[in-house]
Amino acid sequence: MILFFALCFVGVAIAGFCAFVIFWPLTLVHVRDRHADLSAQWGPGAFLKLEALRWLMSGQYRASRDTSLSGLATPARVAMLVILVALVMAGLLWLWSVALA
């Protein structure tokens, strides 16, 4: 039963990844179109750059006071958190199942 719940958390992580793949590129396009200084700072191909992901996870997008940017970046941030938490929970449940065996 524990491994079933671990597998459920992997499914939740996959759902979070799907949401991330939808909202993060939209956020990057918005940044490219309306926030040229930030886009120039990251350069091309910012999808997996640590600097851009750190900007997303720290919530620095709120400092721009752009509601459209916040509306795109917030779901991307939540999706990233869902991915991380779900994978950690799946790993912990797997370790727990190994310890009980």
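Any read-out appearing in this document is the output of simple, stated calculations on the displayed coordinates, not a laboratory observation. Here the structure is a predicted model, which is why all the values come from computation and not from measurement. Note: ideal-geometry Cβ built from the backbone for every residue, glycine included; neighbour counts use all protein chains shown.
Couple of notes before you dig in:
- When Cα extents along the principal axes in Å is computed from the coordinates, the matching label among [x] 55, 45, 28; [y] 55, 21, 21; [z] 54, 31, 21 is [y].
- Based on Cα contacts under 8 Å between residues 6+ apart, the chain shows a relative contact order of 52 percent.
- Rounded to the nearest 500, the helix-only mean residue ellipticity at 222 nm of the chain stands at -28500 deg cm²/dmol, with each DSSP H run of n ≥ 4 adding -39,500 (n - 2.57).
- For region 29-69, the set of trypsin sites (Lys or Arg not before Pro) satisfying both a DSSP loop assignment and a count of at most 16 other C-beta atoms within 10 Å is given as LYS49, ARG65.
- Over all other residues within a Cβ to Cβ distance under 13 Å of GLY43, the charged ones net out to 0, with Lys and Arg as +1 and Asp and Glu as -1.
- For the chain, built as a Gaussian network whose Cα springs stay under 10 Å, the top-fluctuating residue of PRO44, PRO75, PRO25: PRO44
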